[in-house]
Amino acid sequence: VKLQLPLLHPADLLIHNALVLTLEPGAAPIPHGYVAVLGGKILAVEELAPGQPLPPAKEYLDAAGALVMPGLVNTHCHAPMVWFRGLADDLALNEWLTRVIFPAEAGWLTPQRAYWGALLAAAELILGGVTCVADGYFYEAEVRRALAEAGLRAVTAQGVVDFPAPGVPDSTHNLKIAADFMDSGADLSPGLISSTLFCHSPYTCSPKTLENTKGLTRDRGLPFFIHLAETREEVAAVQEKTGLNPVRYLDRLGLLDEGTVAVHAVWLEPEDIHLLADRGVRVSHCPHSNCKLASGMAPVPELLAAGVTVGLGTDGAASNNRLDLWAEMALAARLPKVRRGDPTLLPAAQTVALATREGAQVLGLGRITGTLAPGKAADLIILKMHQPHLTPLYDPYSHLVYAAGAADVAHVLVAGRWLLKDRQLLTLDWPSLAAVAQAQAGSLTAFFRGLASR
Ligand SMILES: [Zn+2]
């Protein structure tokens, strides 16, 4: 029997009576646990047998019938792309990009719309239990402002390409704009938001742009994001231009190291997997986007076996179409089973780790978030488990991956602040967001009507 040690200070918040999953490596579920929070950080995660007195706290949350776990970490998102969700589906990637996405980004998207879109995305992310998101897009300063207002933890990354882009009409200025982005925003949610860069891909950025962008992020010790080996077409194009496949090409440029996050990493040779492992590159796996765009299936068990750190991402809402990590977990766990004909691959507990602890590692935030442990940020979610589709409960990890969903998230806490309580958004005003979204959707359809009539 474990002795109950009194907490030295009264906690700000005590969540008790809960089934607690800490996601610390090797830790067993705590059936009657509590989590004490002080100053935005976790003070204690302990078992408390029924009948024992509760440690002192200013606020108590009785989580009977609920599960407490670390918040989910979305390692790849393009928040403002919620505007393009459901606008054009079931098209070939190239046609989708050139007929729909690029014209809308060039002719319709504005800083204000990027901001509103990011607020809308933030609402969806919070309702789905995401506490930390890595976002990469244009007008990223506006995205950053929105995510800060929402109270999320975020790694925001200004997009870099070598052709005109929203907010970057002359691409010769792309690095100047990128550096300015990194040097700004420190006043927004200190400690919660970081500002870095995202090169779109090896085929849309020149070698110089790739090297210089990576240099800016390396100087500041921040992650560098890039879509890598997403499609077979990309591999062929890079091979034709450089004589190397995308992974080898980036390695020749000196871009592969522990600060690089390779997004997608679908088309990898066995040697590429070992190279990524040797260099310490982290991978963001986005299974829904890869399926919907028919890009392929990333070799996740092979990457994990080689020692690569892998997290999960949704990608943008136009290619998913949800910003829902529960859906990503469900698909991530199933895809390797189908691909290799082996149902033992990517078991549930490991899949939950990818969506939490490992995702935090991918973003370089492993010491701050991703598990529930004293000293770490109080970034956690509480799921309502006392429901028909989650009853009976034998193995919580199994339910989280194979049976639970975003709608089961009842409360969300980031750095000790409630963003969601009883499924009510506390930092965002949904009715006014919904009204903005309706009006802007009308303007986007009018924009496309105008294009068609030209
Ligand atoms: Zn993407």
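The values are calculated or read from the model by the stated rules, or taken from the named source; none is laboratory data. Quick caveat, the model's predicted, so the values are computed rather than measured. Glycine gets a Cβ as well: all are built from the backbone with ideal geometry, and neighbour counts include every protein chain shown. Each accessible area value is taken on the protein alone, full model and side chains, heavy atoms only, with ligands, DNA and RNA left out. Shrake-Rupley method; radii C 1.70, N 1.55, O 1.52, S 1.80 Å.
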Residue list for region 333-378, filter: among the hydrophobic types (A, V, I, L, M, F, W, C), assigned to a helix (DSSP H, G or I) and within 18 Å of V133 (Cα to Cα): V352, A353, L354, A355, A360, V362
Which of the residues spanning region 370-386 are within 23 Å of S398 (Cβ to Cβ) and of a type in the set (K, R)? K384
Open to solvent by 10 Å² or more (accessible area, probe 1.4 Å), within 16 Å of the ligand (Cβ to nearest atom) and within 24 Å of G129 (Cβ to Cβ): is that true of C291 in this structure? yes
Could you say which residue among L54, L72 is touching a residue at least 60 places away in the same chain (Cβ under 8 Å) and of a type outside the set (F, W, Y)? L72
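Conditions (1) part of a loop (DSSP other than H, G, I, E, B); (2) under 30 Å from V160 (Cα atoms), marked per residue:
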residue: T22; (1), (2): yes, no
residue: P25; (1), (2): yes, no
residue: Y34; (1), (2): no, no
residue: V45; (1), (2): no, no
residue: G51; (1), (2): yes, no
residue: L54; (1), (2): yes, no
residue: H76; (1), (2): no, yes
Sort out which residues of region 297-315 are under 16 Å from L228 (Cα atoms), touching a His at 6+ places or on another chain (Cβ under 9 Å) and of a type outside the set (V, I, T), and write them in order of number. A298, L303, G311, L312, G313, D315
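Every residue, every condition in (1) of a type in the set (D, E, K, R); (2) closer than 20 Å to H285 by Cβ, yes or no:
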| residue | (1), (2) |
| --- | --- |
| K337 | yes, yes |
| T351 | no, yes |
| G370 | no, yes |
| L390 | no, no |
May I ask you to verify whether N245 is of a type in the set (S, T, N, Q) and away from the ligand (no atom under 16 Å from the Cβ)? yes
Can you tell which of A348, A317 is within 16 Å of the ligand (Cβ to nearest atom) and either among the small types (G, A, S) or more than 19 Å from the chain's Cα centre (by Cα) (or both)? A317
How many of the residues in region 213-242 are farther than 17 Å from A157 by Cβ, away from the ligand (no atom under 15 Å from the Cβ) and charged (D, E, K, R)? 4
Among the listed residues T391, T356, T351, which satisfies the condition of being open to solvent by less than 70 Å² (accessible area, probe 1.4 Å), hydroxyl-bearing (S, T, Y) and under 24 Å from R423 (Cα atoms)? T356
I'm trying to understand the selection: among the residues of region 398-421, which are within 26 Å of A122 (Cα to Cα) and either without any contact (Cβ under 8 Å) to a residue 12 or more places away in the chain or open to solvent by 30 Å² or more (accessible area, probe 1.4 Å) (or both)? Y402, A403, A407, A415, G416, R417, W418, K421
Take the residues of region 74-86 that are touching a helix residue (DSSP H, G or I) at 6+ places or on another chain (Cβ under 6 Å) and farther than 15 Å from A122 by Cβ: which is nearest to the ligand (Cβ to nearest atom)? T75
Only unsatisfied item for Q239, checking (1) part of a helix (DSSP H, G or I); (2) buried (at least 24 other Cβ atoms within 10 Å of the Cβ), is (2)
Across (1) out of contact with any helix residue (DSSP H, G or I) (no Cβ under 6 Å at 6 or more places or on another chain); (2) over 18 Å from L363 (Cβ atoms); (3) in contact (Cβ under 8 Å) with a residue 12 or more places away in the chain, H173 clears everything bar (3)
Under the condition of being in a loop (DSSP other than H, G, I, E, B) and open to solvent by less than 10 Å² (accessible area, probe 1.4 Å), which residue from region 316-332 is farthest from T231 (Cα to Cα)? L323
